[in-house]
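Have a look at the structure below, then the notes.
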Amino acid sequence: MTLFLLMILSICSISNVSLLQSSTAEPTWSCTIQNCVPPQTQPQNDSTQWIDVTALEIEGMGWDKEIRPFRRLPDKYKDTVTESVWYLSSHSAGIAVHFTVTGTTFIDAKWQLNENLYLAHMTPQGVNGLDLYVKIDGRWKWAGIGKPSQTGNHQHCMLREGFLPHKTYECMVYLPLYTGVASMQLGFSPLAEVKPYKSNKKPLVCYGTSILHGCSASRTGMTFVAMLGRHFDLPTVNLGFSGNGKMENYFADILGEIDASLYLIDCLPNMGALSEDEIYQRVCHLVRRLRALHPQTPIVLVEDRTMEDPVFTDIPPVNPRRRAQKRAYDILKKSIAHLYYIKGDEIFGSQEDATVDGSHPSDLGMLLYYHALKRTISKALRAK
């Protein structure tokens, strides 16, 4: 019996027939350092129309006229912010290419990373990859990913095939979360018509920590900031700086330079080294300065999420950061309109599996964040 099975396997191997795959099964993917394209889609000739994305609309950069492509802060702030924040501002978190296309059957992508990074608590897809969304019947739908290779900075991946050439599609491609992009091209059918799509709406401006930065979403479009942008159909500016969202006084003026539809402030997780009085003073300064610059724009303060702390102690948790920010809010709301507050206990609720490491949200955690923030943001935008 054993000999018989070995003979059958040998025959299958010689004839390239798989016992586990019929002739109609999905083809296997060929992923190398430079490519991640299904074999049958690799062009026999170089007929793909490649477009540099700088010719399209790049959302997520709050200073369109004075900022280099794919950066989150303009050069004028290099000597204002800390060295860490300046480096992190080169990460393309929240930046997306927004366009419409007619006459294509596929969307391909080439992108060059500044660094091909590995983070133990994130997927390579979230750190270095791309994420494609397409608007169908007025709603954004996930459509494909740009899988990054394990090594090298030059990436190439087919994002999606099967588009109907007679239709026009509104598309958004989210860039990597935890590294920067030096250059990027999108590929289409030779006769496709591709146009930038520029929203005339004011952006959601979000400032905070690694959680807002995008850690630890599995895909670049799965951060709660990206989800909020798609839900409200608003551009977003993601100013999350991993480990460095500390609400320094000068950040009020940086944020205030952007004419926002709403300001979301979620910095408490990075302010643990500060005294309660210092946190109180920073919250008060930020809110008062933003209100002076933008008298009617809603401001939402977010408490740090409740940590997934093991239940091996009878000592109730004490969070002086929350206490300081809530004290500031209670005083500020008496004289400042359109100021809102989200409690940390409302974010994860009783869900104990919402993070990857007891701190940074998984996709489940990002979804819970999104729902918790969406309720208050909806109220704030309606009240404007």
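When residues in segment 355-384 are screened for being among the small types (G, A, S), modelled with pLDDT of 95 or more and not in a helix (DSSP H, G or I), 1 of them pass. Inclusion of G144 among residues that are of a type outside the set (S, T, N, Q) and over 23 Å from N238 (Cβ atoms) is not warranted. When segment 209-244 is filtered for residues that are assigned to a loop (DSSP other than H, G, I, E, B), among the aliphatic types (A, V, I, L, M) and in contact with a Pro (Cβ under 8 Å, 6 or more places away or on another chain), the ones remaining, listed by number, are A217, L234. The residue of segment 355-384 that is surrounded by the most Cβ atoms within 10 Å (Cβ to Cβ), among those that are in contact with an Asp or Glu (Cβ under 7 Å, 6 or more places away or on another chain) and of a type outside the set (S, T, Y), is A372. Report yes if some residue within segment 263-283 is β-branched (V, I, T), assigned to a loop (DSSP other than H, G, I, E, B) and either at pLDDT below 95 or out of contact with any strand residue (DSSP E or B) (no Cβ under 9 Å at 6 or more places or on another chain) (or both); otherwise report no. No, segment 263-283 has no match at all. Restricting R68, R72 to residues that are more than 16 Å from M172 (Cβ to Cβ), touching a helix residue (DSSP H, G or I) at 6+ places or on another chain (Cβ under 9 Å), among the charged types (D, E, K, R) and modelled with pLDDT under 95 narrows the list to R68.
Out of all the residues in segment 152-173, is one or more farther than 17 Å from V53 by Cβ, surrounded by fewer than 21 Cβ atoms within 10 Å (Cβ to Cβ), touching a helix residue (DSSP H, G or I) at 6+ places or on another chain (Cβ under 8 Å) and touching a residue at least 40 places away in the same chain (Cβ under 8 Å)? Looking for residues that are farther than 17 Å from V53 by Cβ, surrounded by fewer than 21 Cβ atoms within 10 Å (Cβ to Cβ), touching a helix residue (DSSP H, G or I) at 6+ places or on another chain (Cβ under 8 Å) and touching a residue at least 40 places away in the same chain (Cβ under 8 Å), one finds at least one in segment 152-173, hence yes. Residues in segment 108-132 that are surrounded by 17 or more Cβ atoms within 10 Å (Cβ to Cβ) and small (G, A, S): A109, G126, G129.
So that you can scan it fast, the table gives a plain yes or no per residue for (1) modelled with pLDDT of 95 or more; (2) out of contact with any helix residue (DSSP H, G or I) (no Cβ under 7 Å at 6 or more places or on another chain); (3) surrounded by fewer than 23 Cβ atoms within 10 Å (Cβ to Cβ); (4) at negative phi:
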{"site": "L191", "(1), (2), (3), (4)": "yes, yes, yes, yes"}
{"site": "K202", "(1), (2), (3), (4)": "yes, yes, yes, yes"}
{"site": "C215", "(1), (2), (3), (4)": "yes, yes, no, yes"}
{"site": "D233", "(1), (2), (3), (4)": "yes, yes, yes, no"}
{"site": "E257", "(1), (2), (3), (4)": "yes, yes, yes, yes"}
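The values are calculated or read from the model by the stated rules, or taken from the named source; none is laboratory data. Values in this document were obtained by computation on a predicted structure and should not be read as measured data. Note: ideal-geometry Cβ built from the backbone for every residue, glycine included; neighbour counts use all protein chains shown.
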